[in-house]
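See below for the structure under consideration.
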Amino acid sequence: MISRRALELATAILTGSFGVAVVVQSLDNGIGWSSAGVDSGTFPFLTGIIIVLGSLYNLVRGVVPAATLANVPIAITSIELRRLAGLFVPAAIFVAAIPLLGMYLASALYVFAVLALPRHQSVPRALAMAAATALALYVVFERMFQVSLPHGALAAAFGF
Amino acid sequence: MDNLGELLHGFTIAITVPHLALMVVGVLLGILVGVLPGLGAPNGVSLLLPLTFGMQPVSAIILLSSMYWGALFGGSVTSILFNIPGEPSSVATTFDGYPMARDGRPTTALATAFGSAAFGALIGVILITFLASWVAQVALAFGPPEYFAVYFLAFASFVGMGGAAPIKTVVALAIGFAIAAIGIDTVSGSVRLTMGIDELVKGVNFVVAVMGLFGIGELLVAVEEEFHARAVSSKIEWREVFRAIGRLPRHSVALLRSAAIGCWMGITPGGPTAASFMSYGIARRFSRRGRYFGTGEVEGIISPETADHAAGTSALLPMLSLGIPGSATAAVMMGGLMIWGLNPGPMLFVDSKDFVWGLIASMYVGNIVAVVLVLLTVPVFAALMRIPFVIIAPLIVIICVVGAYSVSNSYLDVVMMLGFGIVGYLFKKLFYPLAPLVLAIVIGDKAEDAFRQSMLMSKGSLGIFFANKLVTCLIVGGIALLLLPLVLQLARLRRKPAPSANETDPEKVII
């Protein structure tokens, strides 16, 4: 269970730290006025400052909940959280597997895993869908539009 | 009339067999992404973008814009039949569309929605036809300060009229600017904000951001609530279609008012979503049958639909004539324009007449094609909604992954896309607006360049933004819009005892 307040805080901290990173990085490029005009770090520096200030404001608003925030004390229930994880974790594993397995194998395994493991579909049907996905990707991208998708380290090791 | 002659010439470009075929393909793909939750017009258009690189710019824009019309229509189909908005901008259509369909009048609801949507789009296109070239002519005299002022006004109007919490809008905008600044600086050639990752020198492509923010983000929001598509009958009775469209003129006040709201919100970038909510809210307040809203009122469908499409269409006006997109999807299309080697802005009307007028003419034709196709295909796409979400979700993930990868064959883009997905989810959940973020990524560089060029002209004095009447007006207008939320809040504090219960939860407006 995640409260609306915690979510607001986390997001404000996330945006705020991005703002700090932008400010720090843009200092390297120089800020202010030089012979060549406005230095290249100036504009990012200003946006960074705005992000930090805005995030601080949102942070405070999150800590001191206004009337609207009090209406929704719980932003994500534990059931919802499980559903979110059920979608996101496999997707993240899929993305992580691409450099090794390549797009085709990874996406086929991904489709098979999310359909067959929670028993949404029978194993043969999940297999068929996985194969169809990989094949469709191959036909559309590699053949029709000649966009080469990553084949992966494994395929390279086998000499494809 | 000059414009009419140009328009006729445009029709000779738009009405050719290959272009009509592209419209059909575009509209069908658009309805598809509009119907599927998790895929919307912005990422649908950006998915298609890499496939248009080999095309003529006119053909490419016809394909992409047709997809946009299709998506706008497709979003209404699911809103009405399933109570699931396929697009953020069609959320307001669910309020009265679904109750009417549930009461056994799905055809009436759909036909009313499509009819008023087509009317809204028509008004938007007519506006573009007569106004776009005039605006472009005015804009030809613009220098960098005027351009910066227009950008400033556009961004300020998001803060003042977007409907989201103003500071959240400011944060979203500023993050977009910072992301736009990543990579090589176009003026000095120095490398900025790479955070120690060398590959970021190439910058962050807006397509990657759109895929994550709108694709993965929306998917995560959708998966939270396990919805069952409880459809009402999706059969279309053709006689009822014509009867419902024939009844539309009776609501001409609502139609015209909503179209005006939509056009205004489309041109001053407020976007279709804000437009449809605003139009619905105003209709409920002013309609004689306002208290029946929410139970299947005809005007409750007409108002958001007309405004939605009027805004979606007229969002292309500032994109064409000023180089400022009026909605997230228009921003993606403008990114496409730049990739095809065109320079969005007033010079477009001088340099690429065929492109501009071909596009405008295709908007007339494309919307007609869209209405016909959407009516014909309602049963097909309604059937699509019965495919379980567990099957659709992984497919959309794969589409987004492949889409992000194919932008520049970079694995880093895929990882960033996933990161943007989390950000998109958090932002949606907490009502940070996404459209200004995307807009800032697309035109952040141009706004910065305009600012720096103005500073070079004035040798560092901000006085250049008040040097003549035009630029002063624009800047003052922008500042006024920025301060608008503050003023409203102060006014509300003054007459404090006003209960806030009767207001339609302002946070709902953005999504």
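The values are calculated or read from the model by the stated rules, or taken from the named source; none is laboratory data. Predicted model, so just to flag it, every value in this text is computed and none were measured. Ideal geometry is used to build each Cβ from the backbone, glycine not excepted, and the neighbour counts take in all protein chains shown.
So which residues in segment B:361-399 are over 23 Å from the mean Cα position of the chain (by Cα) and within 14 Å of another protein chain (Cβ to nearest Cβ)?
Within segment B:361-399, B:Ile387, B:Pro388, B:Phe389, B:Val390, B:Ile391, B:Ile392, B:Ala393, B:Pro394, B:Leu395, B:Ile398 qualify.
Within segment B:163-205, can you find the residues that are under 22 Å from B:Asn43 (Cα atoms) and surrounded by fewer than 17 Cβ atoms within 10 Å (Cβ to Cβ)?
Selection gives B:Lys202 alone.
Could you list all residues from segment B:342-387 that are under 13 Å from B:Pro57 (Cβ atoms) and of a type in the set (Val, Ile, Thr)?
If the condition is that a residue be under 13 Å from B:Pro57 (Cβ atoms) and of a type in the set (Val, Ile, Thr), then B:Val356 is the only one that fits.
Let's see how each residue does on (1) assigned to a helix (DSSP H, G or I); (2) at the interface with chain A (Cβ under 9 Å from one of its Cβ atoms):
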position	(1), (2)
B:Pro433	no, no
B:Ile441	yes, no
B:Leu456	yes, yes
B:Gly463	yes, no
B:Leu470	yes, no
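Does A:Leu137 fit the bill of being within 23 Å of B:Leu49 (Cα to Cα), at pLDDT below 90 and of a type in the set (A, V, I, L, M)?
In short, yes.
Look through B:Phe142, B:Phe155 and report the one residue that is under 29 Å from B:Gly266 (Cβ atoms) and either part of a helix (DSSP H, G or I) or within 9 Å of another protein chain (Cβ to nearest Cβ) (or both).
None of the others qualify; the one that does is B:Phe155.
Pairs needed: first member in segment B:366-382, more than 14 Å from B:Gly34 (Cα to Cα); second member anywhere, of a type outside the set (A, V, I, L, M, F, W, C); C-beta distance under 6 Å; at least 6 residues apart or different chains.
Pairs found: B:Gly366/B:Ser66; B:Pro379/B:Ser234.
Can you give me the number of residues within segment B:292-348 that are hydrophobic (A, V, I, L, M, F, W, C), surrounded by fewer than 24 Cβ atoms within 10 Å (Cβ to Cβ) and not in a helix (DSSP H, G or I)?
Residues meeting the conditions: 4.
Out of segment B:181-195, which residues are more than 9 Å from chain A (Cβ to nearest Cβ) and either of a type in the set (S, T, N, Q) or not in a strand (DSSP E or B) (or both)?
Across segment B:181-195, the qualifying residue is only B:Thr186.
If A:Glu142 passes every condition in (1) more than 10 Å from chain B (Cβ to nearest Cβ); (2) exposed (fewer than 15 other Cβ atoms within 10 Å of the Cβ); (3) free of Cβ contacts under 8 Å to residues at least 24 places away in the same chain but one, which one does it miss?
Going through (1) more than 10 Å from chain B (Cβ to nearest Cβ); (2) exposed (fewer than 15 other Cβ atoms within 10 Å of the Cβ); (3) free of Cβ contacts under 8 Å to residues at least 24 places away in the same chain one by one, A:Glu142 breaks only (2).
Among B:Gly163, B:Gly215, which is assigned to a helix (DSSP H, G or I), under 22 Å from B:Ala330 (Cα atoms) and within 14 Å of another protein chain (Cβ to nearest Cβ)?
Among B:Gly163, B:Gly215, only B:Gly215 is assigned to a helix (DSSP H, G or I), under 22 Å from B:Ala330 (Cα atoms) and within 14 Å of another protein chain (Cβ to nearest Cβ).
In segment B:33-63, how many are under 13 Å from B:Val210 (Cβ atoms) and in contact with a Ser or Thr (Cβ under 7 Å, 6 or more places away or on another chain)?
4
Restricting to segment A:96-121, give me the number of residues that are closer than 23 Å to A:Phe141 by Cα, surrounded by 21 or more Cβ atoms within 10 Å (Cβ to Cβ) and at the interface with chain B (Cβ under 8 Å from one of its Cβ atoms).
Summing the residues that are closer than 23 Å to A:Phe141 by Cα, surrounded by 21 or more Cβ atoms within 10 Å (Cβ to Cβ) and at the interface with chain B (Cβ under 8 Å from one of its Cβ atoms) in segment A:96-121 gives 5.
State whether one or more residues within segment A:10-17 are more than 19 Å from B:Ala447 (Cα to Cα), touching a Ser or Thr at 6+ places or on another chain (Cβ under 7 Å) and more than 7 Å from every other protein chain (Cβ to nearest Cβ).
yes
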